[in-house]
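Below is one structure; the comments refer to it alone.
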Amino acid sequence: MYTLGIETSCDETAAAVLRDDTVLSNIVSSQIDIHKKYGGVVPELASREHLKNLMPVIRESLSSASVFLKDIDLIAVTYTPGLIGALLVGVSAAKAMAYAQNIPFIGVHHGEGHILAAHIEYPGIGYPYVALLVSGGHTALYHVKGLGEYRMLGQTRDDAAGEAYDKVAKLLGLEYPGGPVLDLLSQEGNPSAIKFPRGYLEGFDFSFSGLKTAVRNHVALFMSKDKGIDPKLNIRDVAASFQEAVVETLVDKTMLAASETGVDKIVVAGGVAANSFLRKRMSEEAAHRGITLYLPGMGLCIDNAAMIALAGYLHFKRGETSRLDLNPRPTMPL
Ligand code: KG4
Ligand code: ZN
C-alpha cells in the first residue's frame, strides 16, 4: 500500500511517499532562508510559505516516487505539536485530499514521528528501547515498549536542547538555526576552555536555561555598548564548551535511563540528533556499555515527512484512522 506523509509543523514543508514501510521519496523544502533574517521562525510567515509550497512539494514527492495521487491509499499528517497556523495548512490539505480521493487519513504526533524515524533505517529494531528525543521543541527521554507505548521518563523543565543551541548562537551573533553553526565552530574550539555549569536535575529531567545564562554572562564580559563583541572572545571555545555541557548531560541521562529500565537499545531522534559531537559521544558510551545505538541519518533526524508517513502507516495497520473533524493542536504530550 502507498502512504503519503505531510509535515508542516514548523519551518519545513515536507511530503513523502512510502510503499508499505519503504521510503520511495522524501522531499523537504526548508524555509530557513526566510526566517534567518529575523533570528528565528516567524509563525505567520511560516504559514504563508507552507501554503505556497505544500502542493508543489506534494507533487514532487509523488513524481519522484513514480506514483499518482490516485495510487495513494492513506494520507498521514502531523497534527500536533507545532505552530498552529503552520499545522493547519498541512492538516487542511491532508483532509481535503483524503476526502476528495475517498481514502483514510490519520493524524500523527510529530514527536512520535521523530522516534519512529529510526525504524525506517533499522526496520528490525524491535522493542523495547530508550528514546532520547532532542529537537528545537523537545528534549525528553522515553521508555518505548511498543508502537504507541511511550512512557516519559523525564523532560526539560525549561528550554529544549535545540532551543538552547539557537539562543546561544543568537547571543554570539550567529545565524539561525544555531545548531549546525555551533556544531561546526565547536570542531575548532577547546571544549575544556570554559567550565559552564551542567543542569543536573533529579531523575531524568533536564534544564538548559542556566547554561544559556552562563554563556550570556561569559559573553557579557567581552561586550561593550560602543564596540560590540571584543574580538578577544574566542567564540569557537565558547561553542565547544557549551556543546560539551549539553552533550554530557544528554549522554549521561540517556545511559542512566537505559540502565534503570534494563534495556539494551537506544534511539536518538530529532534535529539535535544530527549533532556530530552528540553522535560521537553517544556511540562511544553505547559501545562501552554493550548497548546498541540507533541513530537515523541526518535527513531523517531533521523534520521530514517520511517519519510521519511511517508512523501513520504503522498505526493504520493496527486499524487506526482519524476522523475528518480532527483539529491541529499546538501542544500535546506524546
Ligand atoms: O527536529 P527539528 O528539525 O525541528 C523541531 O521539531 O524542533 O529540530 C530543529 C532543531 C533546531 O533547534 C536546530 O538548531 C537543531 O535542531 N539542530 C542541531 C543540529 N542540526 C539541527 N543542533 C545541534 N547540532 C546540529 N548539527
Ligand atoms: Zn521536529
Number of the exception - residue 282 against (1) within 18 Å of residue 149 (Cα to Cα); (2) open to solvent by less than 20 Å² (accessible area, probe 1.4 Å); (3) more than 16 Å from ligand 2 (Cβ to nearest atom): (1)
Could you grab the pairs with beta carbons closer than 7 Å, sequence gap of 6+ or different chains, first residue in region 309-334 and touching a residue at least 24 places away in the same chain (Cβ under 8 Å) and under 18 Å from residue 114 (Cα atoms), second one hydroxyl-bearing (Ser, Thr, Tyr) and part of a loop (DSSP other than H, G, I, E, B)? none
Could you list, in sequence order, the residues of region 275-300 that are within 16 Å of ligand 1 (Cβ to nearest atom), at pLDDT 95 or above and assigned to a helix (DSSP H, G or I)? 276, 277, 278, 279, 280, 281, 282, 283, 300
Report, by residue number, each residue of region 168-193 that is of a type in the set (D, E, K, R) and either under 26 Å from residue 112 (Cβ atoms) or open to solvent by less than 30 Å² (accessible area, probe 1.4 Å) (or both). 183
Out of 308, 302, 266, 291, sole residue that is under 14 Å from residue 111 (Cα atoms) and open to solvent by less than 40 Å² (accessible area, probe 1.4 Å): 308
Among residues of region 107-162 being more than 12 Å from ligand 1 (Cβ to nearest atom) and of a type in the set (Val, Ile, Thr), the residue surrounded by the most Cβ atoms within 10 Å (Cβ to Cβ) is 108
Do we have any residue at all in region 85-105 that's aliphatic (A, V, I, L, M) and free of Cβ contacts under 8 Å to residues at least 24 places away in the same chain? yes
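Quick check, is residue 196 in contact (Cβ under 8 Å) with a residue 12 or more places away in the chain, in contact with a Leu (Cβ under 6 Å, 6 or more places away or on another chain) and either over 27 Å from residue 35 (Cα atoms) or surrounded by 21 or more Cβ atoms within 10 Å (Cβ to Cβ) (or both)?
Details: in contact (Cβ under 8 Å) with a residue 12 or more places away in the chain: yes; in contact with a Leu (Cβ under 6 Å, 6 or more places away or on another chain): yes; either over 27 Å from residue 35 (Cα atoms) or surrounded by 21 or more Cβ atoms within 10 Å (Cβ to Cβ) (or both): yes.
Spelling it out, residue 196 is indeed in contact (Cβ under 8 Å) with a residue 12 or more places away in the chain, in contact with a Leu (Cβ under 6 Å, 6 or more places away or on another chain) and either over 27 Å from residue 35 (Cα atoms) or surrounded by 21 or more Cβ atoms within 10 Å (Cβ to Cβ) (or both).
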Mind checking which residues of region 28-52 are within 16 Å of ligand 2 (Cβ to nearest atom), touching a residue at least 24 places away in the same chain (Cβ under 8 Å) and open to solvent by 10 Å² or more (accessible area, probe 1.4 Å)? 28, 29, 32, 40, 41, 43
If residue 196 meets every condition in (1) at pLDDT 95 or above; (2) not in a loop (DSSP other than H, G, I, E, B) apart from one, which number is that one? (2)
Is it the case that some residue within region 236-249 is at pLDDT 95 or above, buried (at least 20 other Cβ atoms within 10 Å of the Cβ) and within 17 Å of the chain's Cα centre (by Cα)? yes
Output for Cβ contacts, cut-off 6 Å, separation at least six or different chains, first residue touching a residue at least 40 places away in the same chain (Cβ under 8 Å) and within 12 Å of residue 274 (Cα to Cα) in region 290-308, second open to solvent by less than 20 Å² (accessible area, probe 1.4 Å) and more than 13 Å from ligand 1 (Cβ to nearest atom), reads 296/118
Could you tell me whether any residue of region 136-148 is closer than 17 Å to residue 242 by Cα and modelled with pLDDT of 95 or more? yes
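The values are calculated or read from the model by the stated rules, or taken from the named source; none is laboratory data. A quick note: this is a predicted structure, and the numbers were derived from the prediction, not measured. Cβ: placed from backbone, ideal geometry, glycine included. Neighbour counts: every protein chain shown. Just the protein is used for accessible areas: all its heavy atoms, side chains included, with ligands, DNA and RNA removed. Shrake-Rupley method; radii C 1.70, N 1.55, O 1.52, S 1.80 Å.
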